[in-house]
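The values are calculated or read from the model by the stated rules, or taken from the named source; none is laboratory data. On a predicted model such as this, the values are computed, not experimentally measured, just so you know. Note: ideal-geometry Cβ built from the backbone for every residue, glycine included; neighbour counts use all protein chains shown. Ligands, DNA and RNA are stripped out before the accessible areas are found, and what is left, the full protein with its side chains, is counted by its heavy atoms. Shrake-Rupley method; radii C 1.70, N 1.55, O 1.52, S 1.80 Å.
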Amino acid sequence: MKISIVVSNSLKKDPRVIKQIKVAAAAGHEVQFVGYRDENYDRAFLNALGIRCDIVDFGDDYVGQLSSVYKKIRRRLVRKQRAIRYLCDFRPDIIHANDFDMLGLSYRAARKCKAGLIYDSHEIFAENIGIAERKWMKRQIIRSETRLVRKVDRMICVSNAAAAYFEDKYAICPTVITNCPMKNTLPLLKKAEDAFEIVYQGLMVRGRGYEEFVDAAKYLPDGIRLKLRGYGSLEPHLRAQIEENGLSDKVVFAPPVEVAQLVQEASASHIGAVLTRPINLNFKLSVSNKVFEYAAAGLPVILSDVPEHRWLNERYGFGLILDEVTPEKIAEAIVTLYRNKELYRRLADNAERMSDEMNWEAESKKLLEIYHSVYQCVEERRK
């Protein structure tokens with residue numbers, strides 16, 4: 001079976017798509033990756049995968065935010081054509097389109113190649129920040145998604161909450177494949193001894209409770225430390241916030257690490273935090289990779305009150321859900337786990353149980369089943 005996996009980045013910082021590639025290749029399938037060059041492009045990383053990797057690349061002048069209108073138009077129009085050309089040259093049996101922005105070109109390529117088409121929605125694209133506020137763009141995306149989603153062979157999404165949304169909106173029932181990490185093979189680290197530590201790692205952007213997390217330090221007793229690990233547009237603001245409020249002794253930054261090291265690095269802390277606020281429908285229905293990384297590290301988790309957090313916590317009981325993401329509520333939950341050793345231990349044990357059941361090895365079986373069923377449909381259509 002020949003499988004093309006498509007996404008609008010250069011792969012290195014996309015753990016979900018990396019895992020898709022690895023599981024398909026390990027199952028003996030011939031795999032192609034098609035992506036776009038971005039700031040994280042690393043040819044050596046791609047070469048090490050041992051598969052065919054086709055990157056649409058216009059050179060350094062077309063990477064990142066562009067000020068030139070001409071370059072914006074050229075990049076938007078031409079790279080889709082090149083991606084379709086790469087796909088048709090490979091002649092796949094299945095095209096796995098990751099997220100809405102790759103669905104249209106994947107559909108066109110699938111028709112040319114007579115390939116099966118899988119739509120893997122990582123988020124509610126039309127409800128994303130920067131899109132939902134632009135009513136015309138949101139309407140156009142929903143209209144296009146409504147048309148295309150009826151033409152795919154199978155649909156995948158990342159959370160039960162998102163699956164319910166798609167079923168209600170498009171009358172399609174996606175398969176939920178969560179973005180769990182692989183079973184951790186790295187040794188867990190010794191807990192920080194100089195302080196009781198709460199880690200919040202990931203992409204630092206607005207709407208994910210980072211500002212409230214930092215301000216929670218004001219309400220914490222001595223002996224408790226907050227740690228931030230990651231990168232993003234909010235980082236300078238957070239550093240200024242720490243400095244202005246004199247919190248540098250209670251809030252520290254840790255350098256970003258490779259995806260494969262996130263679980264191990266998290267294990268050195270005592271609690272994980274995931275504080276995504278439901279400021280839009282996409283954030284409300286999503287589930288962060290961090291939830292599963294913390295569980296794999298054996299950490300109790302402090303969670304914001306969004307549907308998927310509630311669903312997971314009702315099933316596994318691995319964390320405390322805040323009724324509101326405020327500095328005071330965050331600090332209260334931290335102090336509760338700091339002082340109540342029995343509760344802490346129970347939640348930590350439940351986190352490990354959750355990780356034993358929810359990991360990529362288990363989730364990937366669903367993906368391989370989808371590939372197999374779509375391939376059978378393709379073979380029938382080609383007869």
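Yes or no: N340 loosely packed, with under 14 Cβ neighbours inside 10 Å, over 23 Å from G230 (Cα atoms) and more than 20 Å from the chain's Cα centre (by Cα)? Criteria met by N340. Keeping to the stretch 42-60, report how many residues are buried (at least 17 other Cβ atoms within 10 Å of the Cβ), outside any loop (DSSP other than H, G, I, E, B) and among the hydrophobic types (A, V, I, L, M, F, W, C). Summing the residues that are buried (at least 17 other Cβ atoms within 10 Å of the Cβ), outside any loop (DSSP other than H, G, I, E, B) and among the hydrophobic types (A, V, I, L, M, F, W, C) in the stretch 42-60 gives 4. For the stretch 125-159, a residue qualifies if it is in contact (Cβ under 8 Å) with a residue 12 or more places away in the chain, open to solvent by 60 Å² or more (accessible area, probe 1.4 Å) and either assigned to a helix (DSSP H, G or I) or of a type in the set (A, V, I, L, M, F, W, C) (or both), and exactly one does: I129. One residue stands out among those in the stretch 165-184 that are open to solvent by 60 Å² or more (accessible area, probe 1.4 Å) and in contact (Cβ under 8 Å) with a residue 40 or more places away in the chain: the one that is farthest from A97 (Cα to Cα), which is K183. Return the residue satisfying two criteria in turn: it lies in the stretch 1-41 and is among the small types (G, A, S) and in contact with a Leu (Cβ under 7 Å, 6 or more places away or on another chain), and of such residues it is surrounded by the fewest Cβ atoms within 10 Å (Cβ to Cβ). Only one residue tops the list, namely A27. Within the stretch 233-269, if we keep just the residues that are among the small types (G, A, S) and buried (at least 19 other Cβ atoms within 10 Å of the Cβ), the residue that is nearest to K290 (Cα to Cα) turns out to be A266. In the stretch 59-83, the residues that are of a type in the set (S, T, Y) form Cβ pairs under 7 Å with partners that are part of a helix (DSSP H, G or I), at six or more places apart or across chains, as follows: Y62/K71; Y62/R75.
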